[in-house]
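Written below as structure tokens is the structure these notes are about.
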Amino acid sequence: MNRMLVWTCSDEDLPYSAEETSHLESLRSADFDVTVAPRSLDWDKLAAFANVTEPSIFHFIGHGTRDGDLVIRDGANHVRRPATDVVRLVREASPALEGVYLSGCFTAKTAPELLESLPPAAGWAIGTTAEVDDELATRFAERFYEHLIGSEMRPRQAFEVARVYAESDWGEEVSHTAWFRRSDLPAVEEMAKTISSALRTIFNRSAFLEPMRQELSMQALDDALLDVSHTLGTGQALSRRYQTPIPAASIPVEWLHDPAIQSFVREAKRGITAARRALRELSEAAAGEDHVVGNGFQLDPHAQIQWMRKVNAVDLARNKVLRTANKLLTRNGVPPLQVISVSFARNEMPHVS
């Protein structure tokens, strides 16, 4: 029997969370059990509760932070914990765990690292890489489980169906993202679209999502750009936190030998080098600061404009890489990536007479 554990860590600030929980409970059947954790369940009791309920699916409802933490209950307070730590805790308590669904904003900011704690033979993880409307989050979850449980689709298929419905109903590309074990992928000769989907996942991470103005750390961004370049060269995805390989998120290096993919990789790596060069110039101008926010605003207007241009240069360089990737994705029928909004619009630049 499949079992789901639902842990809600939001209060009244997410009005659709109760509806989402109710829909998940409605999935209960003779073959599928659903346990909704009591509202009083906190971080210290989560492992024991998961050990008793032994979920094969863990569904979290709540808030995520821009750097990939989940906001969870810890006694009378709400605290931040890395999403990977929460997943790993549930996995250790329940060896049956196969799927993780983190319903909230920025819940998958650490990208495929969420898969590290799942079983080696299978596993899937779903979350978001940006802000998400509360109602949209609820509707997406409903669609996904309707097809995963009700229609007995495979997780990858159920996710794609839910994404098509959401983008059709809401008229925009959704921020929901999923990662699956590579064993679900077809043979090399059948997978032009699958290669592109894997490459899309490589770029659908924080290093290519946020304007430089919102990046938490220049050094962290540079490290992330290096990780992407490493994956493009070896097929090996690295954990941003531990710098260890993530087999489930890696791709066979043989995929990169296709002539069309080789051409793309060369151009993309050149673009990443250019982005790192722009980032290095920005870092040098920051005079030891590792953050954009707060820099450059005590300068005279001429210097301030130069600072803003250096910040925008990092965004524009990354967008060049994304546009290169989008050519390949579009050609193979894979949804394109959203380009980054530049940090400073022209009308924000100070006027210089």
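The values are calculated or read from the model by the stated rules, or taken from the named source; none is laboratory data. Only a predicted model underlies this, so the values are computations on that prediction, with no experimental measurement involved. Cβ sites come from the backbone with ideal geometry, for glycine too, and all protein chains shown count toward neighbours. The accessibility values were calculated without ligands, DNA or RNA, using every heavy atom of the protein model including side chains. Shrake-Rupley method; radii C 1.70, N 1.55, O 1.52, S 1.80 Å.
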(request) Calculate, for the chain, the solvent-accessible area per residue in square angstrom, rolling a 1.4 angstrom probe over the heavy atoms of the protein chains. (result) 46
(request) Measure nothing but the geometry: give the 0 to 90° angle between the long axis through the Cα atoms of 83-93 and the longest principal axis through the Cα atoms of the chain, rounded to 10°. (result) 30
(request) Determine which lysines satisfy two conditions relative to LYS269: a Cα distance under 16 Å, and not lying fewer than 8 residues away in the same chain. (result) LYS320, LYS327
(message) Please report the carbon-and-sulfur percent of the accessible area for the chain; probe 1.4 Å, protein heavy atoms only, DNA, RNA and ligands left out.
(response) 49
(message) For ASP74, what residues show an amide H to amide H distance below 5 Å, using hydrogens built from the backbone and excluding near sequence neighbours?
(response) TRP43, VAL79
(request) When a/c is below 1.5 the answer is rounded, else prolate if a/b is larger than b/c, else oblate, so apply that to segment 17-157 with a ≥ b ≥ c taken from the square roots of the Cα gyration tensor eigenvalues. (result) rounded
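Which loop GluC sites (Glu not before Pro) in segment 1-66, with loop taken from DSSP, have no more than 12 other Cβ atoms within 10 angstrom of their Cβ? Display every interim value, and only then the final one.
Details: sites: GLU12, GLU19, GLU20, GLU25; in loops: GLU12.
Taking segment 1-66 and a limit of 12 other Cβ atoms within 10 Å, the loop GluC sites (Glu not before Pro) found are GLU12.
Report relative contact order for the chain in percent, whole number only (criteria: Cα-Cα under 8 Å, sequence separation at least 6).
Once divided by the residue count of the chain, the mean separation gives 13 percent.
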(request) Calculate for the chain the 222 nm mean residue ellipticity that helices alone would give, adding -39,500 (n - 2.57) per DSSP H run of length 4 or more and normalising by residue count, nearest 500 deg cm²/dmol. (result) -14000 deg cm²/dmol
(request) Check the straight Cα-Cα distances from LYS310 and name the aspartates and glutamates below 18 Å, setting aside those fewer than 8 residues away within the same chain. (result) GLU210, GLU215, ASP222, GLU281, GLU284, GLU289, ASP290, ASP300, GLU348
(message) I need the chymotrypsin sites (Phe, Trp or Tyr not before Pro) found in segment 256-340, filtered to DSSP loop residues with at most 11 other beta carbons within 10 Å of theirs.
(response) PHE297
(message) For volume of the Cα convex hull per residue in Å³, one of [x] 134; [y] 152; [z] 218 was computed from the structure I shared and the rest are decoys. Which label?
(response) [y]
